[in-house]
Amino acid sequence: MIARIWHGRTKIEDYEDYTEFMKNRAISDYRKTKGFIKLVFLRNIIENAGHFTLITFWENFEVIKNFAGEDFEKAKYYSEDEKFLLEFEEKVIHYEVFAE
């Protein structure tokens, strides 16, 4: 199993709206992808900004490519993200899950 970790940051006033966007748009998109296993969606407020970490779990790298594209290390964004995110981190991090 492969864990894919993404981080994003919003203004504090967009914190709740971005949470709802992720719950309604992004999470449902992940769940529709064959080979997706599960996710953990984390959020907190640090120095007056909303921080979001999304950890998704996949069967293997080929499945991730079906979701994210051939350059699977590149972060995937939605057009709506432009309304919320303060920056667009270019890459995600992948880890092999060896124990749960």
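Derivation of every value follows stated rules applied to the coordinates shown; laboratory data play no part. Since the structure is predicted, the reported quantities are computational estimates derived from the model, not experimental observations. Every residue, glycine as well, gets a Cβ built from its backbone with ideal geometry; the counts of neighbours run over all protein chains shown.
Defining a contact as two alpha carbons under 8 Å apart and six or more residues distant in sequence, what relative contact order in percent does the range 2-96 show?
Once normalised by length, the contact order is 43 percent.
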* What Kirkwood hydrodynamic radius do you get for the range 48-100 when you take the inverse of the mean 1/r over all pairs of distinct Cα atoms, in Å? -> 12.9
* Residue with peak Gaussian network fluctuation, the chain [Cα springs, cutoff 10 Å], from Gly35, Gly50, Gly69 -> Gly69
* Asked: When the helix-only estimate is applied to the chain (DSSP H runs of n ≥ 4, each -39,500 (n - 2.57), divided by the residue count), what is the mean residue ellipticity at 222 nm, nearest 500 deg cm²/dmol?
  -> -5500 deg cm²/dmol
* Structure fact -> Per-residue Cβ contact counts at 10 Å, fewest first, order Ser79, Ser28 as Ser79, Ser28
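Computed FRET efficiency, Cβ-Cβ of Glu16 and Lys74, R0 30 Å: what is it to the nearest 0.05?
Calculated value: 0.60.
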* Asked: log10 I(q)/I(0), Debye, Cα-only the chain, no solvent, q = 0.12, 0.14 Å⁻¹?
  -> -0.38, -0.52
